[in-house]
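K.L.:
Just dropping this structure here.
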Amino acid sequence: MTAELAEGAGHTPGVDHATSPLDRHLAAMLGPGAEFREGQREAVEAVLADRSRALVVQRTGWGKSLVYWIASRVRRDAGHGPTLIISPLLALMRNQIEMAARLGLRAVTIHSGNREEWTAVEERLSADEVDVLLISPERLANQDFTSRVLPSMGDIGLFVIDEAHCISDWGHDFRPDYRRIGRLLRVLPASVPVLATTATANNRVVDDVVEQLGDDVRVIRGPLARDTLRLDAIDLADQAERLAWLAEQIPRLPGSGVVYCLTIADTERVTGWLRSRDIDARAYSGPMPTNDREALEQALIGNELKALVATVALGMGFDKPDLGFVIHYQRPGSPIAYYQQVGRAGRAVERSYGILLSGREDDEIADYFLRTAFPPTVRMREILDVLEAVDDLTVTDLQRRVNLPRRQIEQALKLLEIDGAVAKSGSRWSRTAVPWEQDEQRIERVKATRKAELQQMREYVAHDGCYMEFLIRLLDDPDARPCGRCANDVGRGFSATVDPDLVQAALRFLRRDLRPIEPRRLWVDVQSGAGRKIDPANEPGFALCVYGDPGWGQEVARGKYEEHRFSQGLVNAAAGAIRDRWRPDPAPEWVTAVPSRGRASLVGDFAGALARELGLPYVECLTSTVDGAAQKEMQNSVLQLENARRKVGLIEDQVRPEPVLLVDDIVDSGWTLTVAGALLRASGSGPVYPFALAIAGQRDA
């Protein structure tokens with residue numbers, strides 16, 4: 001035991017000081033009589049040892065943050081500098097600050113969401129009035145922070161890397177900015193203790209993290225089994241069956257819980273269905289405003305709703321000890337991801353449930369995520385070639401020159417910057433003199449590993465032994481054994497059959513579940529990237545379904561690519577949706593359509609039939625060229641707009657002045673409808689109401 005640990009310097013009011021410093025600090029955090037869990041004291045002592053670097057791998061809810069809070073208190077009491085914590089999520093930071101306050105630690109954050117507080121935080125750091133600084137890994141990419149703010153902390157007393165599996169691209173949640181931590185570790189004095197923590201790491205991830213932490217890293221691992229969690233897995237391929245199952249079973253489950261979905265569209269669909277069955281559910285996803293997400297998190301924590309239907313945006317950092325259930329509407333991509341998510345349930349209750357549903361779209365979505373996990377090397381080289389030819393470009397400039405989604409361009413630039421191949425100044429990028437080669441073999445190994453993990457999840461669903469043992473064995477838990485609690489161990493689980501009437505009700509819901517088409521409000525200036533108001537913009541519109549989904553989505557797919565005509569059933573459904581549910585006001589008085597490239601009659605025939613069903617005239621006034629690429633091949637907003645402008649034309653003397661229903665088959669970026677609507681309005685039409693048979697499925701979180 002070090003001198004710091006033995007002497008401690010802090011005195012916490014109301015605590016028995018006859019006990020050791022660690023026990024006093026534990027009591028201050030958790031109350032009188034609190035005891036360390038197995039391995040916690042050992043972990044604190046390991047952190048406080050001289051020249052220590054430690055990796056703690058313990059199950060969710062074990063109390064890893066307690067280790068670094070107590071270590072921070074001891075280090076500060078001994079006169080060392082503040083603790084620096086790298087934490088991946090704002091929600092995690094909010095919880096952390098509350099925990100720190102119990103030990104009298106003054107914790108602050110610097111992140112993109114509290115810019116108005118930065119000056120005050122920097123002044124407090126300079127005055128040594130801060131005990132703990134929490135930042136996201138992305139903050140290490142900010143040159144001003146690393147060159148000016150970080151040195152103002154003085155000597156770092158303890159360096160903590162939370163959710164350390166994010167360092168490893170073998171893990172399920174690799175974040176490139178975590179790679180920047182390696183640079184900081186190399187310049188950190190050897191006397192500064194380093195602690196990395198995670199709940200989700202198998203041997204491969206542990207080895208990778210240890211290699212990046214440096215020499216003489218002590219690994220502290222504990223058993224991963226959760227004795228309050230009952231696992232089950234049910235194969236219900238059809239979405240209507242899964243919706244029916246949720247409506248039937250959620251009211252019977254204890255407390256409140258989480259339903260995880262792989263796509264944003266599914267969170268909205270599942271939420272709408274559950275609410276239609278009088279189940280208090282809310283949708284949660286990454287693009288929502290921060291304040292809205294925080295309000296939903298607090299509502300779930302306060303048991304003010306039955307279920308939060310979420311993407312993986314509700315991930316690391318969310319803590320509700322009495323969560324009664326975690327249900328997966330679709331199969332996650334890896335055992336590590338599944339363990340982390342299902343492990344949110346039952347941390348402080350005697351019984352909770354983790355139920356994995358599996359459907360036919362799971363593999364398609366997983367394949368999409370796998371294909372887009374790494375920007376293609378050929379595209380990264382294109383970015384480098386562009387920057388060598390034309391220096392000092394923005395992301396929008398690159399969108400015009402490289403056919404990649406903006407998100408992937410930004411990801412590629414981040415990876416290239418970490419490798420030193422590009423540099424950023426403000427919003428502009430330039431090529432450096434550093435040569436660059438992609439480690440193709442490593443990427444292929446990572447992809448192969450992820451494909452193997454997908455197969456492991458398929459095997460988990462079909463497994464007839466202990467689910468918990470199967471899961472934690474895949475995480476290389478040396479103590480893996482049958483849990484005696486999961487559905488297979490006790491010989492009974494949740495029913496895999498669903499009331500047929502409820503399934504039919506779910507199918508009717510899917511067929512009535514209109515998807516909004518939000519109008520674009522700004523043109524993208526292809527030269528400057530600035531936005532210019534679209535005036536007048538299209539009216540809000542709707543799509544009948546999500547492409548390929550049950551209900552109408554599969555029929556749209558058959559009509560487009562197999563039968564080369566859209567059925568009368570789709571015509572009737574679209575007309576009914578427009579008349580009975582949408583009811584645009586003022587009502588359209590004529591119909592026109594976006595012509596199909598290469599099959600001019602496909603959308604036109606459907607729009608004509610729809611117009612007849614609605615009792616409206618159909619007017620062919622929009623034209624389309626067949627030259628160039630299909631719109632769906634354009635992968636970012638700048639190229640999509642340029643392509644739409646090249647391809648869509650207008651016969652001006654055919655345009656009528658009344659409100660118009662503008663019909664397309666499948667809408668993705670929305671730029672074709674936007675350009676067509678702008679042409680119609682410029683030629684004197686009334687309000688433009690976009691309608692599509694389907695929207696392309698959303699794959700982000």
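The values are calculated or read from the model by the stated rules, or taken from the named source; none is laboratory data. Not measured: the values here are computed from a predicted model. Cβ sites come from the backbone with ideal geometry, for glycine too, and all protein chains shown count toward neighbours. The area values use the complete protein model at the heavy-atom level, side chains included, leaving out ligands, DNA and RNA. Shrake-Rupley method; radii C 1.70, N 1.55, O 1.52, S 1.80 Å.
K.L.:
Can you name the condition, by its number, that GLY333 falls short on among (1) over 16 Å from the mean Cα position of the chain (by Cα); (2) within 16 Å of ASP266 (Cβ to Cβ); (3) at pLDDT below 95?
P.N.:
All conditions are met except number (1).
K.L.:
Would you check if GLY465 is at pLDDT 95 or above and either of a type in the set (Gly, Ala, Ser) or part of a helix (DSSP H, G or I) (or both)?
P.N.:
Here the answer is yes, as GLY465 does meet what is asked.
K.L.:
Quick check, is VAL591 buried (at least 21 other Cβ atoms within 10 Å of the Cβ) and not in a helix (DSSP H, G or I)?
P.N.:
yes
Here is a yes/no grid of residues against (1) within 14 Å of VAL74 (Cβ to Cβ); (2) surrounded by 14 or more Cβ atoms within 10 Å (Cβ to Cβ); (3) among the hydrophobic types (A, V, I, L, M, F, W, C); (4) at pLDDT 90 or above:
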residue: ALA6; (1), (2), (3), (4): yes, no, yes, no
residue: ALA9; (1), (2), (3), (4): yes, no, yes, no
residue: GLY14; (1), (2), (3), (4): no, no, no, no
residue: ALA18; (1), (2), (3), (4): no, no, yes, no
residue: ASP23; (1), (2), (3), (4): yes, yes, no, yes
residue: LEU26; (1), (2), (3), (4): yes, yes, yes, yes
residue: PRO32; (1), (2), (3), (4): no, no, no, no
residue: ALA43; (1), (2), (3), (4): yes, yes, yes, yes
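K.L.:
Hey, which of the strands (runs of 3 or more DSSP E) in the range 471-548, taking only ones fully inside, have at least 3 residues that are of a type outside the set (Val, Ile, Thr)?
P.N.:
Of the strands (runs of 3 or more DSSP E) lying wholly inside the range 471-548, those with at least 3 residues that are of a type outside the set (Val, Ile, Thr) span 531-533, 541-546.
K.L.:
Which one of the conditions (1) in contact with a helix residue (DSSP H, G or I) (Cβ under 9 Å, 6 or more places away or on another chain); (2) open to solvent by 20 Å² or more (accessible area, probe 1.4 Å); (3) modelled with pLDDT of 85 or more does LEU184 fail to meet, given that it meets all the rest?
P.N.:
Exception for LEU184: condition (3).
K.L.:
How many of the residues in the range 305-322 are assigned to a loop (DSSP other than H, G, I, E, B) and surrounded by 24 or more Cβ atoms within 10 Å (Cβ to Cβ)?
P.N.:
So the answer is 1.
K.L.:
Could you go through the range 579-587 and let me know if any residue there is open to solvent by 60 Å² or more (accessible area, probe 1.4 Å), touching a Leu at 6+ places or on another chain (Cβ under 8 Å) and among the acidic types (Asp, Glu).
P.N.:
Within the range 579-587, not a single residue is open to solvent by 60 Å² or more (accessible area, probe 1.4 Å), touching a Leu at 6+ places or on another chain (Cβ under 8 Å) and among the acidic types (Asp, Glu).
K.L.:
GLU241 versus (1) at pLDDT below 85; (2) open to solvent by 10 Å² or more (accessible area, probe 1.4 Å): which is the lone unmet condition?
P.N.:
Failing condition for GLU241: (1).
K.L.:
For VAL342, state whether it is within 19 Å of LYS306 (Cβ to Cβ) and surrounded by fewer than 24 Cβ atoms within 10 Å (Cβ to Cβ).
P.N.:
no
K.L.:
If you don't mind, there's one more thing I want to ask. Taking GLN527 and the conditions (1) in contact with a Cys (Cβ under 9 Å, 6 or more places away or on another chain); (2) more than 30 Å from GLY272 (Cβ to Cβ); (3) modelled with pLDDT under 90, which numbered condition does it fall short on, given that it satisfies the others?
P.N.:
Single failed check for GLN527: (1).
K.L.:
Just wondering, is there one or more residues in the range 426-440 that are open to solvent by less than 40 Å² (accessible area, probe 1.4 Å), under 27 Å from the mean Cα position of the chain (by Cα) and at pLDDT 95 or above?
P.N.:
Checked against the condition, which is being open to solvent by less than 40 Å² (accessible area, probe 1.4 Å), under 27 Å from the mean Cα position of the chain (by Cα) and at pLDDT 95 or above, the range 426-440 yields at least one hit.
K.L.:
Considering each of VAL149, VAL130 in turn, give the residue that is among the β-branched types (Val, Ile, Thr) and under 11 Å from THR83 (Cα atoms).
P.N.:
VAL130
K.L.:
Here is a further query. Mind listing whichever residues of the range 64-79 are buried (at least 20 other Cβ atoms within 10 Å of the Cβ) and out of contact with any His (no Cβ under 6 Å at 6 or more places or on another chain)?
P.N.:
Listed by number, the residues that qualify are LYS64, SER65, LEU66, VAL67, TYR68, TRP69, ALA71, SER72, VAL74, ARG75, ARG76.
K.L.:
Another one. Output the qualifying pairs, or none if there are none: Cβ atoms under 8 angstrom, residues six or more apart or on different chains, first residue in the range 679-694 and outside any strand (DSSP E or B), second residue small (Gly, Ala, Ser).
P.N.:
Qualifying pairs under 8 Å: LEU679/GLY649.
K.L.:
Also, I was wondering about something else. Does PHE374 satisfy the condition of being outside any helix (DSSP H, G or I), closer than 30 Å to ARG331 by Cβ and in contact (Cβ under 8 Å) with a residue 60 or more places away in the chain?
P.N.:
yes
K.L.:
With the condition kept exactly as written, say whether any residue in the range 678-697 is among the hydrophobic types (A, V, I, L, M, F, W, C), open to solvent by 70 Å² or more (accessible area, probe 1.4 Å) and at pLDDT below 95.
P.N.:
no
K.L.:
Just to be sure I understand, how many residues within the range 399-423 are more than 22 Å from LEU370 (Cβ to Cβ), open to solvent by 60 Å² or more (accessible area, probe 1.4 Å) and either in contact (Cβ under 8 Å) with a residue 40 or more places away in the chain or touching a Phe, Trp or Tyr at 6+ places or on another chain (Cβ under 9 Å) (or both)?
P.N.:
2
K.L.:
Something else now. Working only within the range 48-82, note down all residues that are hydrophobic (A, V, I, L, M, F, W, C) and at pLDDT 90 or above.
P.N.:
If the condition is that a residue be hydrophobic (A, V, I, L, M, F, W, C) and at pLDDT 90 or above, then LEU48, ALA54, LEU55, VAL56, VAL57, LEU66, VAL67, TRP69, ILE70, ALA71, VAL74, ALA78 are the ones that fit.
K.L.:
When GLN455 is evaluated against the numbered criteria (1) over 30 Å from ARG473 (Cα atoms); (2) modelled with pLDDT of 90 or more, which criterion, by number, is the only one it fails?
P.N.:
Of the numbered conditions (1) over 30 Å from ARG473 (Cα atoms); (2) modelled with pLDDT of 90 or more, the odd one out for GLN455 is (1).
K.L.:
So is GLY257 touching a strand residue (DSSP E or B) at 6+ places or on another chain (Cβ under 9 Å), of a type outside the set (Asp, Glu), touching a residue at least 24 places away in the same chain (Cβ under 8 Å) and open to solvent by 10 Å² or more (accessible area, probe 1.4 Å) or not?
P.N.:
So GLY257 fails the test.
K.L.:
Here is a follow-up. Which residues, taken from the range 625-678, are of a type in the set (S, T, N, Q), within 26 Å of VAL571 (Cβ to Cβ) and in contact (Cβ under 8 Å) with a residue 40 or more places away in the chain?
P.N.:
GLN631, THR672, THR674
K.L.:
Could you check how many residues of the range 206-224 are open to solvent by 40 Å² or more (accessible area, probe 1.4 Å), in contact (Cβ under 8 Å) with a residue 24 or more places away in the chain and within 26 Å of the chain's Cα centre (by Cα)?
P.N.:
Number of matching residues: 1.
K.L.:
With respect to ILE418, determine if the residue is modelled with pLDDT of 90 or more and either more than 30 Å from TYR547 (Cα to Cα) or within 23 Å of the chain's Cα centre (by Cα) (or both).
P.N.:
When the stated conditions are applied, ILE418 does not pass them.
K.L.:
State which residue is most open to solvent (accessible area, probe 1.4 Å) when the search covers only the range 483-533 and only residues that are among the basic types (Lys, Arg) and without any contact (Cβ under 8 Å) to a residue 60 or more places away in the chain.
P.N.:
Ranking the qualifying residues of the range 483-533, first place goes to ARG492.
K.L.:
Another question, if that's okay. Could you please give the count of residues in the range 225-237 that are among the β-branched types (Val, Ile, Thr) and crowded, with 16+ Cβ neighbours inside 10 Å?
P.N.:
Within the range 225-237, residues that are among the β-branched types (Val, Ile, Thr) and crowded, with 16+ Cβ neighbours inside 10 Å number 1.
K.L.:
Got a number for residues in the range 624-653 being surrounded by 14 or more Cβ atoms within 10 Å (Cβ to Cβ) and either outside any helix (DSSP H, G or I) or touching a Cys at 6+ places or on another chain (Cβ under 8 Å) (or both)?
P.N.:
So the answer is 7.
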